[in-house]
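First up is the structure itself, then whatever we jot down about it.
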Amino acid sequence: MNISGTNLMRVTRAFFTAFVCLIPAVVSAQTAQPKARGLPVIYIDTPDSSAITSRDIWTKDCRMRIVRPDGTVDFRSHNVDVKGRGHSTFAKPKKPYAIKLDGRHSILGMAPGKRWALLANFMDHSQLRNMLALEVARHTSLAWTPDCRPVDVVLNGRPQGLYLLCEQVRVARGRVEIDENKGFLFELDRYDDGDPRFFTAHRHLPVNIKSPDPLTDAMKEKARRMFDEIEQKLYSPHPDMREIYNRYIDAESFADWWLVHEIAQNAEPNGPRSCYMYCDEGGRLTAGPVWDFDLAFITVGLDDGGDLRPSRLNRTDVRLLTTDSLYNRNALWYDRLLSDPEFVAVVKRRWQALKPHIPDIIARFDCWRATIESSAIADEHMWASLDPARFDTFVTFRSSSENLRKTFLERVSRMDRLIDSL
């Protein structure tokens with residue numbers, strides 16, 4: 001049987017996921033030693049055991065070792081760079097990290113890559129929101145969704161708790177596959193990471209250019225003109241939507257991207273925050289990949305500036321969003337897109353294609369919950385005294401993960417009505 005490289009990688013991923021789901025969840029909340037639990041462990045040691053305190057400066061020449069639950073070493077290197085990552089999340093006691101390997105390596109069955117992210121999930125007591133949302137995205141037409149694995153992390157000999165190791169959003173083989181010298185990867189985000197940046201003319205959306213890097217002034221101006229032309233077309237008095245879909249916007253990807261965020265009750269696109277789009281030279285904008293679901297599957301308040309607030313916050317400018325609400329009706333360009341019957345028809349068609357996969361998604365969720373339980377409870381004991389629980393009011397792993405499961409199923413049950421209301 002002839003198996004292509006892509007299909008072989010899919011088989012490998014499927015096998016690894018199935019293998020992980022067979023690992024028994026040994027509940028041991030008292031132990032702080034991660035090897036007593038059923039997850040891979042990532043050991044990171046910095047030179048001189050120095051702390052990682054910067055999001056901007058790499059700590060170079062770190063030693064990293066990944067040990068599988070059966071004790072075998074999956075990866076080992078003495079030449080790994082590590083730095084902090086995130087915005088509000090890096091201000092939390094449990095830090096997220098970015099990792100740069102010495103080359104492209106496959107880790108824990110995932111596609112080879114050089115750059116990886118360790119998500120701390122500090123604000124998510126279920127530890128499962130990102131995994132669940134990314135799994136939903138994998139059942140859509142989006143070209144690529146970051147793969148991920150739950151892991152325990154030990155930094156300089158000290159256990160840090162449960163993390164999610166993710167493929168980082170990058171232009172690369174097996175990630176966002178465009179010409180890195182001519183195509184563009186954009187992140188629409190209110191946070192300024194120091195990347196080349198501009199604001200669109202009509203909606204004043206903040207656009208960070210993630211690739212190409214380095215970027216010439218001519219290329220930045222080309223990107224700005226492209227966004228301004230799209231907005232001019234979209235928000236003209238009588239837009240030619242068929243021309244827009246043929247020349248400027250890939251409607252199916254924008255529909256699927258919106259559906260993932262709606263199912264996940266993720267209001268971050270209103271900021272906007274972590275909203276990725278890409279295009280090859282001269283091509284249409286394609287939505288994706290999806291990213292950042294720390295505050296998803298939750299009732300939140302959305303203020304006039306697009307910032308999320310805890311649902312219990314009593315402010316006159318906060319609009320409460322619940323399982324019965326559309327979260328992103330007016331985010332990005334969706335106010336205009338969702339007023340077009342043709343685009344709404346695409347959304348409805350894509351939702352009907354996604355619905356049959358819900359039982360498989362919830363089955364995977366149940367598997368993950370059992371697999372990470374021991375690590376999640378140990379993490380809870382490690383960090384609970386430092387966690388103000390601003391958004392996730394279910395403050396234990398068991399209560400939060402059970403509520404997440406319930407919320408997901410309730411949200412799915414309401415999607416037909418919400419989409420019919422468009």
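The values are calculated or read from the model by the stated rules, or taken from the named source; none is laboratory data. Bear in mind that the values here come from a model prediction, so they are computed numbers and not experimental data. We place every Cβ from the backbone using ideal geometry, glycine too, and count neighbours over all the protein chains shown. We work out accessible area using only protein heavy atoms, side chains counted, and drop any ligands, DNA or RNA first. Shrake-Rupley method; radii C 1.70, N 1.55, O 1.52, S 1.80 Å.
Before moving on, here are some points about what is shown:
- Using a probe radius of 1.4 angstrom, the carbon and sulfur fraction of the accessible surface of the stretch 314-422 is 52%.
- Ligands, DNA and RNA are left out, and with a 1.4 angstrom probe the accessible area of the stretch 77-144 is 27 Å² per residue.
- Matching the structure-derived Rg and Dmax of the Cα atoms in Å against the labelled list [x] 21.3, 65; [y] 25.9, 112; [z] 25.1, 85 gives the label [x].
- For the stretch 312-422, a crude dipole built from +1 on the beta carbon of Lys and Arg and -1 on the beta carbon of Asp and Glu, taken about the Cα centre, is about 300 debye to the nearest 20.
- Ranked by solvent-accessible area (1.4 Å probe, protein heavy atoms only, all chains present), the residues GLU135, GLU380, GLU281 order from largest to smallest as GLU281, GLU380, GLU135.
- Structure remark: mean-square fluctuation, Gaussian network model of the chain, C-alpha springs under 10 Å; the largest value among ASP70, ASP152, ASP280 belongs to ASP70.
- Under 30 Å from LYS210, Cα to Cα: lysines that are on another chain or at least 8 residues apart: LYS60, LYS83, LYS92, LYS94, LYS95, LYS100, LYS114, LYS182, LYS220, LYS222, LYS233
- Accessible surface, the stretch 281-422, averaged per residue in Å² (probe 1.4 Å): 44 Å²
- GNM flexibility winner over the chain from ALA384, ALA117, ALA296 (Cα, springs under 10 Å): ALA384
- Segments 211-217, 160-166 sorted - mean Cβ within 10 Å per residue, highest first: 160-166, 211-217
- Heavy-atom accessible surface of the stretch 127-191: percent carbon and sulfur, 1.4 Å: 40 percent
- Computed about its Cα centre, the charge dipole of the chain is approximately 740 debye, with only Lys, Arg, Asp and Glu carrying charge at their Cβ.
- Of ALA370, LEU354, LEU188, farthest towards positive along the dipole that unit charges on Lys, Arg, Asp, Glu beta carbons give the chain: ALA370
- Rounded to 5, percent antiparallel among DSSP beta bridges of the stretch 233-387: 90 percent
- The distance linking the stretch 250-324 with the stretch 69-111 is 27 Å (Cα centroid to Cα centroid, whole angstrom).
- Between the listed residues VAL344, ASN270, PRO69, the Cα displaced farthest toward the positive end of the dipole of the chain, a dipole computed from Cβ unit charges relative to the Cα centre, is found at PRO69.
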